[in-house]
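Where a number appears in this text, it was derived from the coordinates with a stated rule and is not lab data. Only a predicted model underlies this, so the values are computations on that prediction, with no experimental measurement involved.
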Amino acid sequence: MPPHTYTVSRLAYVKVLLHAAKYPTCAVNGVLLTSSPPGVTDVVVSDAVPLLHHWTSLSPMMEIGLDLAGGYAEDAGLRIIGYYEASERADDTSLGPVGDRVVSKIKATSADAVALVLDAQALSMGEAGLLPYTASPSLKAVTHSFTLAPPTAPSADSKHSPTFHLAETDLPARTLRAIEEQSLQQELGDFDDHLEDVRIDWLKNSKVTVVVEKL
């Protein structure tokens, strides 16, 4: 089977960045959803569900959040394909032990499981700002490169390794502008927020979805 090609949609990308921007001094994490059926090689990461900014370890809150996100995905005709995280340190782009274990758990049911780690320094330089990891047969995460746009021609590496790109090349600039000018990150809620205020729509984040569609 040829290697997978992952396209990160506008909605998924913006939610990941908003989550990190809302809690810049905390580690944050969440899950990635797809509408692509299992077995295809062209995978679209269509949405993201923000989980935690307090209890980011493998805690009962993490397990509950993952179960609820999985139920939401199933009801919406989607499936969990991956995990994302951002460190409280701008220079830390490693996938932590929690992320490694979550990706391995997802891989048990989805062979195309992936993790995305925020790279704040790359983002500040106009790049996508995401570092992808996939689970190897040994269950140890392997890192890959991420481009703004799909390659115009396949490279030697792409014939053997998965490729990752954004659905729209100007998404980083548009998202950062929405954060700076509209404070859009304040509209996003995660599972931790929901535990403090049950009115917060952490699974769908409808307010954010409406704005993102107009970005």
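Descriptive notes on the structure:
- For the pair ARG177 and VAL198, the difference between a 0.36 nm per residue extended length and the Cα-Cα distance amounts to 4.6 nm.
- More than 23 angstrom apart: percent of Cα pairs within region 1-93: 27
- For the chain, the relative contact order works out to 24 percent when only alpha carbon pairs closer than 8 Å and six or more residues apart are counted.
- With the helix formula -39500 (n - 2.57) applied to DSSP H stretches of n ≥ 4, the chain reaches a computed 222 nm mean residue ellipticity of -10000 deg cm²/dmol.
- Across q = 0.12, 0.26 Å⁻¹, region 53-104 modelled as identical point scatterers on its alpha-carbon atoms has Debye log10 I(q)/I(0) values of -0.31, -1.11, in the order of the q list.
- When the chain is treated as a GNM with alpha-carbon contacts under 10 Å, the residue of PRO97, PRO60, PRO162 showing the greatest mean-square fluctuation is PRO60.
- Amide hydrogen neighbours beyond the local backbone of VAL45, cut-off 5 Å, H modeled: THR7, VAL8, SER9
- Scaled to the globular estimate 2.2 N^0.38 Å, the Cα spread of the chain, given as radius of gyration, is 0.94.
- Whole-number percent relative contact order across region 1-113, with pairs defined as alpha carbons under 8 Å at least 6 apart: 29
- Subtracting the Cα-Cα distance of THR147 and VAL210 from 0.36 nm times their residue separation leaves 20.1 nm of extension gain.
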